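Colleague: Here you go, one structure.
The values are calculated or read from the model by the stated rules, or taken from the named source; none is laboratory data. Given the structure is predicted, the values throughout are model-derived calculations rather than measurements. As a convention, Cβ positions derive from the backbone with ideal geometry for all residues, glycine included, and neighbour counts pool all protein chains shown. Surface accessibility is based on the protein's heavy atoms, side chains included, excluding ligands, DNA and RNA. Shrake-Rupley method; radii C 1.70, N 1.55, O 1.52, S 1.80 Å.
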Amino acid sequence: MTEDCSLDASFLVSCNRTSSSSHVLFLPQTNISVLNISLNGELQISWPVASDCYAERGKLLSQTIQDLSITSFQLSSNRNMFTVLGCDTLGLVVGTDSDGRNYTTGCVSLCNRLQDIETNGSCSGTGCYETSIPRGLSGFSYGSSSVYNHTSVIDFNPCGHAFLVERGAYNFSSTDLFKFEKTTFP
């Protein structure tokens with residue numbers, strides 16, 4: 001697209017070739033990939049996963065916090081959920097809406113034994129928890145942290161994860177507690 005063809009510069013998308021020779025659309029001046037543009041004015045993008053991982057005795061190995069700024073667009077509170085995955089995981093979303101109001105929301109997922117985990121597919125609090133996000137967010141950060149540094153669950157859950165995901169797009173599996181393969185979500 002060219003500037004003559006879009007509403008303004010924030011609506012320009014760039015097309016980049018990936019290593020697999022396919023083409024991917026990106027929002028301007030970001031690394032946010034565009035998955036779909038609908039005729040009803042919705043843009044589906046790929047969200048990165050935030051995580052925190054621990055070693056024996058609660059030593060923090062790594063932690064990522066994700067910052068997304070999509071100031072020309074608003075995050076759909078109807079179509080997206082904030083999801084926390086882990087047995088000792090606290091997830092937070094901190095953001096600003098289009099009127100400049102600050103928001104913070106989050107959830108906690110706790111469990112002590114693998115046997116206590118919810119049924120696969122269910123994300124209702126034990127091992128996995130989902131919550132709605134505030135309406136009108138455009139710039140926000142989210143991340144995961146631990147209450148007890150995963151010390152009592154390290155043998156089956158060394159990492160916690162937090163991500164924004166389209167409602168219904170994530171299907172919880174208890175195997176995700178030990179090895180979570182996803183790095184992005186629609």
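Colleague: Using a 1.4 angstrom probe and counting only protein chains, how large is the accessible area of PHE73 in Å², to 10?
Modeller: Surface open to solvent at PHE73 totals about 50 Å².
Colleague: Same structure again: Positive end of the charge dipole of the range 77-186 (Lys, Arg +1 and Asp, Glu -1 on Cβ, about the Cα centre): tell me which of GLY121, SER98, PHE172 has its Cα farthest that way.
Modeller: SER98
Colleague: Report VAL24's accessible area, 1.4 Å probe, all protein chains in place, as a number in Å² to the nearest 10.
Modeller: 40 Å²
Colleague: TYR129: accessible area at probe 1.4 Å, nearest 10 Å²?
Modeller: Rounded to the nearest 10, the figure is 80 Å².
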